[in-house]
1. Any residue that is within 23 Å of G171 (Cα to Cα), touching a helix residue (DSSP H, G or I) at 6+ places or on another chain (Cβ under 7 Å), outside the structural domain of P179 (by TED's automatic domain parsing) and at pLDDT 95 or above - is there at least one of those in the range 46-53?
2. Would you confirm whether or not the range 263-281 contains a residue that is without any contact (Cβ under 8 Å) to a residue 40 or more places away in the chain, under 22 Å from Y203 (Cβ atoms) and of a type in the set (A, V, I, L, M)?
3. Test of understanding: among P178, P131, P126, which residue is at pLDDT below 95, more than 23 Å from P270 (Cβ to Cβ) and either more than 15 Å from the ligand (Cβ to nearest atom) or out of contact with any Gly (no Cβ under 7 Å at 6 or more places or on another chain) (or both)?
4. Give me a count of the residues in the range 109-132 that are within 25 Å of D70 (Cα to Cα) and surrounded by fewer than 16 Cβ atoms within 10 Å (Cβ to Cβ).
5. Inside the range 124-207, counting only strands (runs of 3 or more DSSP E) that do not spill past its ends, which hold 1 or more residues that are among the charged types (D, E, K, R)?
6. Going through the range 203-247 one residue at a time, which ones are buried (at least 22 other Cβ atoms within 10 Å of the Cβ), over 26 Å from I4 (Cβ atoms) and away from the ligand (no atom under 14 Å from the Cβ)?
7. I need every pair where a residue in the range 106-122 that is closer than 10 Å to Q136 by Cβ and assigned by TED's automatic domain parsing to the domain that holds D70 has its Cβ under 7 Å from the Cβ of a residue that is more than 10 Å from the ligand (Cβ to nearest atom) and polar (S, T, N, Q), sequence separation at least 6 or different chains.
8. From the residues in the range 158-175 that are more than 13 Å from the chain's Cα centre (by Cα) and of a type in the set (D, E, K, R), which one is nearest to the ligand (Cβ to nearest atom)?
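The values are calculated or read from the model by the stated rules, or taken from the named source; none is laboratory data. Model, not experiment: these values are computed from the prediction. Here the Cβ positions follow ideal geometry from the backbone for every residue, glycine too, while neighbour counts run over all protein chains shown.
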Amino acid sequence: MKKILVTGALGQIGSELTMHLRSIYGADNVVATDIRRLEGNETVESGPFEILDVLDSCSMAEIAKKHEVDTVIHLAALLSAVAEAKPVLAWQINMGGLFNALEVARELKCSFFTPSSIGAFGPSTPRDNTPQDTIQRPGTMYGVTKVSGELLCDYYNKRFGVDTRGVRFPGLISYVTPPGGGTTDYAVDIYYKALEEGKYTSYIGEGTYMDMMYMPDALNAIVNLMEADASKLVHRNAFNITAMSFEPSMIAAEISKHIPGFKMSYEVDPVRQAIADSWPNSIDCTAAKEEWGFSAKYDLASMTEDMLKKLKVKLNIK
Ligand code: VAH
């Protein structure tokens, strides 16, 4: 990767990945794009930024040509809970945007990354230690777009030779962007509420296991996969990766070690609970380890310690 175009650069992954890429490849070599410009935002101000609606294929191609990019990292998409509330819009953005980005990569001979998700699995998928190659029959629009995206990216690799690569992200946890429209975002929100209120009411029920990962591990995974030797890749779209699997009472217990008296309660949201229930309890990431050396550094204890430390600074809490 030398000159990188990032779509959705102001989103949960994009806002941190753009800064991470700029620290590695140089600020001027990472072109951040998003549908709106946030004045004063670090991602906007620290290097090239363009306003881009990923449904506008001409603008995407123009920006890619103008900056002579060799890599497209396509992140712009609706997450699971929002996608379930707006399924038609989710299909239009998640698939229309992906198609436009793949076409740019094909025309300009760029390498290509886009994330899939554990949301690409469904109720008939083996729930524990979910294999890399298995049944994928998701019942959510988010999952349908993720499976379709995996298939489309593999097609562009086989049919047009585009160097497409992707990972199936678990829930991602970070202190930089506030909780968004995902199902796993309870695991972000809980840290904010623990510090601000000393309590949290979870919309995901006790005992609901989901795979999770701290954002620094996710950022490293993207760079390591994109820099990996293509001849070693048996799979491409997309690799199972995870760092940990936990359920709400486990993260509450870890937080309580730092905030004595922290109170956890539950008010289950049936929509997001149904989405979570359709996802694996844990996934197997042997293929990613064997084909490009994937590893994760943070577990629940070390992530919790770092999240609380960083959020205290961000929220100006002593
Ligand atoms: C979501 N954070 O909740 C995303 C992710 C595995 C979950 O895809 O929609």
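1. No - not one qualifying residue is present in the range 46-53.
2. Within the range 263-281, one or more residues are without any contact (Cβ under 8 Å) to a residue 40 or more places away in the chain, under 22 Å from Y203 (Cβ atoms) and of a type in the set (A, V, I, L, M).
3. Sole residue among the options that is at pLDDT below 95, more than 23 Å from P270 (Cβ to Cβ) and either more than 15 Å from the ligand (Cβ to nearest atom) or out of contact with any Gly (no Cβ under 7 Å at 6 or more places or on another chain) (or both): P178.
4. 1
5. 167-169, 199-202
6. none
7. From the range 106-122, the pairs are S116/N237; A120/Q136; F121/T130; F121/Q136; G122/Q136; G122/S278.
8. So, considering only residues that are more than 13 Å from the chain's Cα centre (by Cα) and of a type in the set (D, E, K, R), the one nearest to the ligand (Cβ to nearest atom) is R165.
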